[in-house]
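Below is one structure; the comments refer to it alone.
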Amino acid sequence: MPAPLMDTYAPPPLRFERGEGVRLFDKDGKSYLDFIAGIAVTSLGHSNPKLIAALKSQADKLWHLSNMFQVPGQKELAERFVATTFADRVFFTNSGTEAVECALKTARRHHFVNGAPERQTIVSFSGAFHGRSYGAINAGGNPKYLEGFGPAMGGFVQIPFADHEAAKNAVDETTAAVIIEPVQGEGGVRAVPDACLRGLRELCDERGALLIYDEVQCGAGRTGKLFAHQWVAGAEPDLMAVAKGIGGGFPMGACLATENAAKGMVVGTHGSTFGGNALAMAVGLAVMEELEKPELMDHVNKVANHLRQGLHGVADRHADVVEDVRGKGLLLGLKLKPALVNAKVRDAARDRGLLIGVAGENVARLAPPLVVTSDDASKAIEILDDSLAAAKAEMEATA
Ligand SMILES: *Cc1c(COP(=O)(O)O)cnc(C)c1O
């Protein structure tokens, strides 16, 4: 009999049964340090008592209405996003892909109602990842994710990462929007230099294009501010896609917009059956309540510095295989030299009780829950040291 699941994923033969904070436990009770957090999703740790309470309390009252009716929690959570960001308007989704899709549609629609329907092109950057819908794979531009899915869509242009000259050439009177992750996740954990975000903001203003940030991975407190671009003065977007960490493990996302950017999104232009469902809103409100606490952001910044220093130590001790340390806040990566494949390091770490991820450009990716402690980080560094040594030894033995 063939396997019942499609072959799109290849998980290791581990069976996690339960999680607590930064730890996961398998069915034999073996514990693992979770430094990938469901890909930057379980921002407040596993089994967070406040999130459990919010979900259970809502589950006893009302699960789902659809957007035919006013959904409890939607206005309150939208108000939280408006109060803490550049945004005036919010559309709730179930995922990051849908949040990106909404941002792209909102941008084109803005120009359409503005009397400039010819402004359709979306400009994105090499190494980008924006999700897996048709719109998102075309914006992401990764040939691996486009292959076999029919013709590439028109209206998308990709330029080199952090190349302002290329941006100046690409953004013109046919551009609807520029989309960028302030810190690239999937593409290799690369932080965009502050000057680039400011430069893009100026360029978009000058040329009449909208600026979209994809903070699906780098947002939700991960860099030590509520959203990563908030480190950079004078670089606010017109639209922003968020998801992953803002749900703390409950599937939810949102497209945030200024009043001006959202002006085309009138009744009937967009929709979602589940988006902004009552369970998601209850959890989302509980997550935001925590993320808005300055103590939590101080904690993130403190532990992130400790972890980054630790990674620099690892890079020094294994300079033969590590090229550099990348990322921002608690979204960090070790870029490995070509001789050592990132997946080998990930697997060696897993064998030693540390869960990490991989990313493009041969990067080993770390994205622990924001509640991770400096002790957890020190432990992770120790395991990484051992894992790199083991992966190197294995590589040499098979060479
Ligand atoms: C994960 C991710 C997405 C897609 O989110 P899904 O919830 O998987 O649809 C989009 N953009 C970025 C930057 C991401 O990291």
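Please enumerate the residues belonging to the stretch 57-74 that are open to solvent by 70 Å² or more (accessible area, probe 1.4 Å) and out of contact with any helix residue (DSSP H, G or I) (no Cβ under 9 Å at 6 or more places or on another chain).
Residues satisfying the conditions are Asp60, Met68, Phe69, Gln70.
What is the one condition in (1) in the same structural domain as Gln230 (by TED's automatic domain parsing); (2) surrounded by 18 or more Cβ atoms within 10 Å (Cβ to Cβ); (3) closer than 30 Å to Gln58 by Cβ that Ala261 does not satisfy?
Of everything listed in (1) in the same structural domain as Gln230 (by TED's automatic domain parsing); (2) surrounded by 18 or more Cβ atoms within 10 Å (Cβ to Cβ); (3) closer than 30 Å to Gln58 by Cβ, Ala261 misses just condition (3).
Being open to solvent by 10 Å² or more (accessible area, probe 1.4 Å) and away from the ligand (no atom under 14 Å from the Cβ) is the filter here, so list the residues in the stretch 162-192 that pass it.
Listed by number, the residues that qualify are Ala162, Asp163, His164, Glu165, Ala166, Lys168, Asn169, Ala170, Asp172, Glu173, Thr174.
Does any residue in the stretch 80-92 that is among the hydroxyl-bearing types (Ser, Thr, Tyr) come within less than 7 Å, Cβ to Cβ, of a residue that is part of a helix (DSSP H, G or I) six or more places away or on a different chain, and which pairs are these?
Matching pairs, first to second residue: none at all.
When you go through Leu256, Leu307 one by one, which is the residue that is among the aliphatic types (A, V, I, L, M), open to solvent by less than 10 Å² (accessible area, probe 1.4 Å), in contact with a helix residue (DSSP H, G or I) (Cβ under 8 Å, 6 or more places away or on another chain) and away from the ligand (no atom under 15 Å from the Cβ)?
The conditions single out Leu307.
Among the residues of the stretch 324-336, is there at least one that is open to solvent by less than 40 Å² (accessible area, probe 1.4 Å) and β-branched (Val, Ile, Thr)? Walk me through how you get there before you give the answer.
Filtering the stretch 324-336 for residues open to solvent by less than 40 Å² (accessible area, probe 1.4 Å) gives 325-327, 329-336.
Of the ones still in play, those that are also β-branched (Val, Ile, Thr) are 325.
Taking every residue of the stretch 324-336 in turn, at least one turns out to be open to solvent by less than 40 Å² (accessible area, probe 1.4 Å) and β-branched (Val, Ile, Thr).
Could you please tell me which pairs satisfy a Cβ distance under 9 Å, a separation of 6+ or placement on different chains, a first residue in the stretch 301-324 that is assigned by TED's automatic domain parsing to the domain that holds Val363, and a second residue that is at pLDDT below 95 and surrounded by fewer than 14 Cβ atoms within 10 Å (Cβ to Cβ)?
Cβ pairs passing all conditions: Asp320/Ala339; Val321/Ala339.
Check whether at least one residue in the stretch 43-51 is among the basic types (Lys, Arg), open to solvent by 60 Å² or more (accessible area, probe 1.4 Å) and within 27 Å of Gly185 (Cα to Cα), and report yes or no. Steps first, answer last, please.
Going through the stretch 43-51, the residues among the basic types (Lys, Arg) turn out to be 50.
Now narrow it down to the ones that are open to solvent by 60 Å² or more (accessible area, probe 1.4 Å): 50.
Next, only the ones that are within 27 Å of Gly185 (Cα to Cα) stay: none.
No, the stretch 43-51 contains no residue that is among the basic types (Lys, Arg), open to solvent by 60 Å² or more (accessible area, probe 1.4 Å) and within 27 Å of Gly185 (Cα to Cα).
Going through the stretch 101-125 one residue at a time, which ones are open to solvent by 40 Å² or more (accessible area, probe 1.4 Å) and farther than 20 Å from Gly150 by Cβ? Please lay out each step first, then the result.
The first filter runs over the stretch 101-125 and keeps only residues open to solvent by 40 Å² or more (accessible area, probe 1.4 Å), leaving 101, 105, 108-109, 112-115, 117-118, 120.
The answer is Arg108, Arg109, Phe112, Val113, Asn114, Gly115, Pro117, Glu118.
List the residue pairs whose Cβ atoms are under 6 Å apart, where the first residue sits in the stretch 227-249 and is more than 23 Å from Ala37 (Cα to Cα), the second is small (Gly, Ala, Ser) and not in a loop (DSSP other than H, G, I, E, B), and the two are 6 or more positions apart or on different chains.
These pairs meet every condition: Asp238/Ala261; Leu239/Ala103; Leu239/Ala257; Leu239/Ala261.
Quick check, is Val216 open to solvent by 10 Å² or more (accessible area, probe 1.4 Å), among the aliphatic types (A, V, I, L, M) and within 11 Å of the ligand (Cβ to nearest atom)? Show your work before the answer.
Details: open to solvent by 10 Å² or more (accessible area, probe 1.4 Å): yes; among the aliphatic types (A, V, I, L, M): yes; within 11 Å of the ligand (Cβ to nearest atom): yes.
Spelling it out, Val216 is indeed open to solvent by 10 Å² or more (accessible area, probe 1.4 Å), among the aliphatic types (A, V, I, L, M) and within 11 Å of the ligand (Cβ to nearest atom).
Being over 17 Å from Glu101 (Cα atoms), in contact (Cβ under 8 Å) with a residue 12 or more places away in the chain, away from the ligand (no atom under 15 Å from the Cβ) and in a helix (DSSP H, G or I): is that true of Ala195 here? Lay out the reasoning, then the answer.
Working: over 17 Å from Glu101 (Cα atoms): yes; in contact (Cβ under 8 Å) with a residue 12 or more places away in the chain: no; away from the ligand (no atom under 15 Å from the Cβ): yes; in a helix (DSSP H, G or I): yes.
Taking the combined requirement at face value, the residue does not satisfy it.
Could we say that Tyr145 is within 16 Å of the ligand (Cβ to nearest atom), open to solvent by 70 Å² or more (accessible area, probe 1.4 Å) and closer than 30 Å to Val358 by Cβ here? Reasoning before the result, please.
Details: within 16 Å of the ligand (Cβ to nearest atom): yes; open to solvent by 70 Å² or more (accessible area, probe 1.4 Å): no; closer than 30 Å to Val358 by Cβ: yes.
No; evaluated as a whole, the condition is false for this residue.
Determine which single condition Thr273 fails, assuming it passes every other condition in (1) within 16 Å of the ligand (Cβ to nearest atom); (2) more than 28 Å from Leu211 (Cβ to Cβ); (3) β-branched (Val, Ile, Thr).
Of (1) within 16 Å of the ligand (Cβ to nearest atom); (2) more than 28 Å from Leu211 (Cβ to Cβ); (3) β-branched (Val, Ile, Thr), only one is false for Thr273: (1).
Hey, does the stretch 7-28 have a residue that's part of a helix (DSSP H, G or I), open to solvent by 60 Å² or more (accessible area, probe 1.4 Å), of a type in the set (Asp, Glu) and in contact (Cβ under 8 Å) with a residue 24 or more places away in the chain? Spell out the reasoning first.
So in the stretch 7-28, the residues part of a helix (DSSP H, G or I) come out as none.
Within the stretch 7-28 (the criterion being part of a helix (DSSP H, G or I), open to solvent by 60 Å² or more (accessible area, probe 1.4 Å), of a type in the set (Asp, Glu) and in contact (Cβ under 8 Å) with a residue 24 or more places away in the chain), the answer is no, since none of the residues qualifies.
If only one of Ala339, Ala393, Ala380 is on the phi < 0 side of the Ramachandran plot and either open to solvent by less than 10 Å² (accessible area, probe 1.4 Å) or among the aromatic types (Phe, Trp, Tyr) (or both), which one is it?
Values: Ala339 fails: either open to solvent by less than 10 Å² (accessible area, probe 1.4 Å) or among the aromatic types (Phe, Trp, Tyr) (or both); Ala393 fails: either open to solvent by less than 10 Å² (accessible area, probe 1.4 Å) or among the aromatic types (Phe, Trp, Tyr) (or both).
Ala380 is the lone residue from the list that is on the phi < 0 side of the Ramachandran plot and either open to solvent by less than 10 Å² (accessible area, probe 1.4 Å) or among the aromatic types (Phe, Trp, Tyr) (or both).
The values are calculated or read from the model by the stated rules, or taken from the named source; none is laboratory data. Computed from a prediction, not measured in an experiment: that's the story for all the values here. All Cβ positions, even for glycine, are placed from backbone atoms using ideal geometry, and neighbour counts span all protein chains on display. Surface areas here come from the heavy atoms of the whole protein model, side chains and all, with no ligands, DNA or RNA. Shrake-Rupley method; radii C 1.70, N 1.55, O 1.52, S 1.80 Å.
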